[in-house]
Amino acid sequence: MRLTSFTDFGLRVLMRMAGDPARAFTAADLAAELRVSRNHLAKVISALAAANLLETRRGGGGGAMLARPPEDIRLGDVVAVLEADQALVECFATGSNACTLSPKCRLKSRLAHAEAAFVADLNRSTLADCVYRPEGA
């Protein structure tokens with residue numbers, strides 16, 4: 001299984017924020033520190049806020065912060081939220097499945113089970129298990 005860069009960046013953002021939970025991070029600050037596109041990171045932060053994982057404030061002193069303690073954020077839940085629009089295989093996609101094997105496919109249920117097991121295994125860990133603190137912090 002391969003996660004999208006969107007999910008990868010989302011996990012990095014959360015790990016970094018967990019290392020300094022009282023700080024409000026701007027997209028620009030995180031983009032510079034994580035060496036990723038600010039525009040892409042702004043979309044990631046927006047998705048995390050929409051999932052109630054982050055709280056955001058605009059204006060001076062604004063930014064994004066964790067919406068709850070790191071020990072209350074399950075990694076599998078984060079991955080499930082950020083990968084929600086990404087079908088594991090074509091036949092999982094709603095409305096665009098052109099697979100000719102779908103009517104009699106015996107693989108689909110096994111893949112669905114594997115995907116659920118992947119998320120469940122990640123849910124054995126929380127963000128607190130993956131806190132990132134940069135050198136010197």
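The values are calculated or read from the model by the stated rules, or taken from the named source; none is laboratory data. The structure displayed is predicted, hence computed values, not measured ones. Neighbour counts run over all protein chains shown; Cβ positions are idealised from the backbone, glycine included.
Being in contact (Cβ under 8 Å) with a residue 24 or more places away in the chain, within 21 Å of residue 130 (Cα to Cα) and in a helix (DSSP H, G or I) narrows it down to one residue among 47, 31; which is it?
Details: 31 fails: in contact (Cβ under 8 Å) with a residue 24 or more places away in the chain.
So the residue among 47, 31 that is in contact (Cβ under 8 Å) with a residue 24 or more places away in the chain, within 21 Å of residue 130 (Cα to Cα) and in a helix (DSSP H, G or I) is 47.
Tell me, please, whether a residue that is exposed (fewer than 14 other Cβ atoms within 10 Å of the Cβ), over 24 Å from residue 18 (Cβ atoms) and at pLDDT 80 or above can be found in the stretch 65-75.
Looking for residues that are exposed (fewer than 14 other Cβ atoms within 10 Å of the Cβ), over 24 Å from residue 18 (Cβ atoms) and at pLDDT 80 or above, one finds none in the stretch 65-75, hence no.
If I ask for residues that are in contact (Cβ under 8 Å) with a residue 24 or more places away in the chain, touching a helix residue (DSSP H, G or I) at 6+ places or on another chain (Cβ under 8 Å) and outside any helix (DSSP H, G or I), which ones from the stretch 50-81 would you list?
Residues satisfying the conditions are 51, 53, 54, 63, 64, 65, 66, 69, 73, 74.
Kindly establish whether residue 41 is within 15 Å of the chain's Cα centre (by Cα), free of Cβ contacts under 8 Å to residues at least 40 places away in the same chain and within 21 Å of residue 134 (Cβ to Cβ). Outline the logic, then answer.
Working: within 15 Å of the chain's Cα centre (by Cα): yes; free of Cβ contacts under 8 Å to residues at least 40 places away in the same chain: yes; within 21 Å of residue 134 (Cβ to Cβ): yes.
Here the answer is yes, as residue 41 does meet what is asked.
Among the residues of the stretch 82-98, write down those that are part of a loop (DSSP other than H, G, I, E, B) and modelled with pLDDT of 75 or more. Talk me through it step by step, then tell me what you get.
Here is the first cut: in the stretch 82-98, the residues part of a loop (DSSP other than H, G, I, E, B) are 83-89, 93-98.
83, 84, 85, 86 - these are the residues of the stretch 82-98 that are part of a loop (DSSP other than H, G, I, E, B) and modelled with pLDDT of 75 or more.
Just name the residue that is nearest to residue 80 (Cα to Cα) out of those in the stretch 14-28 that are in contact (Cβ under 8 Å) with a residue 40 or more places away in the chain, buried (at least 18 other Cβ atoms within 10 Å of the Cβ) and out of contact with any Asp or Glu (no Cβ under 9 Å at 6 or more places or on another chain).
14
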